[in-house]
Amino acid sequence: MPMTDEDRYAAVRQLKGLDGMDAAGWEKLPVRDASSAAIGYLRPFTEAMLADDMLIRTMADARTRHKEFFLTQFDVTPENKREWLRESVLGNDRKMLFLVETLDGRIVGQDGFTLLGGGIFALDGTMRWARGGHTRLFERSAVARAGFCFGALDCLLCRVELFLKNELGIYNVEHIGFSFEAEYPLCVTEKDGRIAYSKTSPGCENTDERLVSMTMTREAFAGLHGNFP
């Protein structure tokens, strides 16, 4: 019987280890290369990690450093980063965040996904914080996250949205099988040092920036990458 959205939300809560659920089976997800050899891991962000001041500061600094690739851009402090993680990640059954770990146990960045409803999900939240690990670790992380959502969460369609200027990001998702879906004009606003981009109708944009949407179906993923994890 196909999973419902409520089933998927419950699985995401288990992945985070919330509500006293046993997350032992979800300790970390392997990231594998094309030959299925492990090249790293995705470790779920959990409530206990909120107390790690060094981790939270690293995440805040990375978000500020890479802000130009996010629709909402501002300087992030450890305080508002911790609050966002508590409310918008741990408190949101649609959103999952992982720490990207090398084979020797170093945390070098983050990746995530968001359930959009109706079996559709988005890959998001990607940031590399530090050097190290396999050269294709973040590219193959997208395969691991998509495979988990298509397999364990019974999803049907994956979407990625990137700024058109993010040429490396677009290349990486094309390389693993995503196809162009649409390009959107954007409107930008700025208030109190906070810049926010949003999709708009052609002719209403006030910036040259563009957002590109790319998709991959469950069937296309299976044809390219084999069985789901």
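What follows is calculated from the coordinates using simple rules that are stated; it is not laboratory data. These numbers were taken from a predicted model, which means no experiment stands behind them. No Cβ is skipped: glycine too gets one built from the backbone with ideal geometry, and neighbour counts run over all protein chains shown.
222 nm [θ] for the chain, helices only, -39500 (n - 2.57) per DSSP H run of 4+, per residue, to 500?
-8500 deg cm²/dmol
Tell me, how many Å apart are the Cα centres for segment 185-229 and for segment 54-120?
18 Å
Below 13 angstrom from the Cβ of LEU50, what's the summed charge of the other residues (Lys, Arg +1; Asp, Glu -1)?
-1
Could you tell me the ratio Rg/Rh of the chain? Both radii from Cα atoms, Rh via Kirkwood.
Using Cα coordinates only, the ratio equals 0.95.
List the residues, sorted by chain then number, that are 5 or more residues from PHE178 or on another chain and whose placed amide H is less than 5 Å from its amide H.
Sorted by chain and number, the residues that satisfy this come to none at all.
Across segment 145-158, in residue order, what do the Karplus-derived ³J(HN,Hα) couplings come to in whole Hz, using 6.51 cos²θ - 1.76 cosθ + 1.60 with θ = phi - 60° and x for Gly and Pro?
3J(HN,Hα) across segment 145-158, in whole Hz: 5, 5, x, 5, 5, 5, x, 5, 9, 6, 7, 10, 8, 10.
Just to confirm the filter: which GluC sites (Glu not before Pro) across segment 23-123 are DSSP coil and have at most 16 other Cβ within 10 angstrom of their Cβ?
GLU27
Student exercise: in the chain, how many lysine pairs 8 or more apart or on different chains have Cα atoms under 28 Å apart?
Total qualifying Lys-Lys pairs in the chain comes to 22.
Lys and Arg at +1, Asp and Glu at -1: add these up for the other residues within a Cβ distance under 14 Å of THR135 and post the number.
+2
Given H placed on each backbone N at 1.01 Å, which residues far from LEU164 in sequence or on other chains put an amide H within less than 5 Å of it?
Under 5 Å from the amide H of LEU164 lie the amide H atoms of ARG210, LEU211, VAL212, each far enough along the sequence or on another chain.
Within 15 Å, Cβ to Cβ, of GLU174, how many net charges do the neighbouring residues add up to if Lys/Arg are +1 and Asp/Glu are -1? Don't skip to the answer; put the middle values down first.
Values: positive: ARG136, ARG140, ARG159; negative: GLU139, GLU161, GLU167, GLU181, GLU183.
It works out to a net charge of -2.
Picking from LEU90, ALA130, PRO30, whose Cα lies most toward the positive end of the charge dipole for segment 1-135 (charges on Cβ: Lys, Arg +1; Asp, Glu -1)?
Going by the charge dipole, the pick is ALA130.
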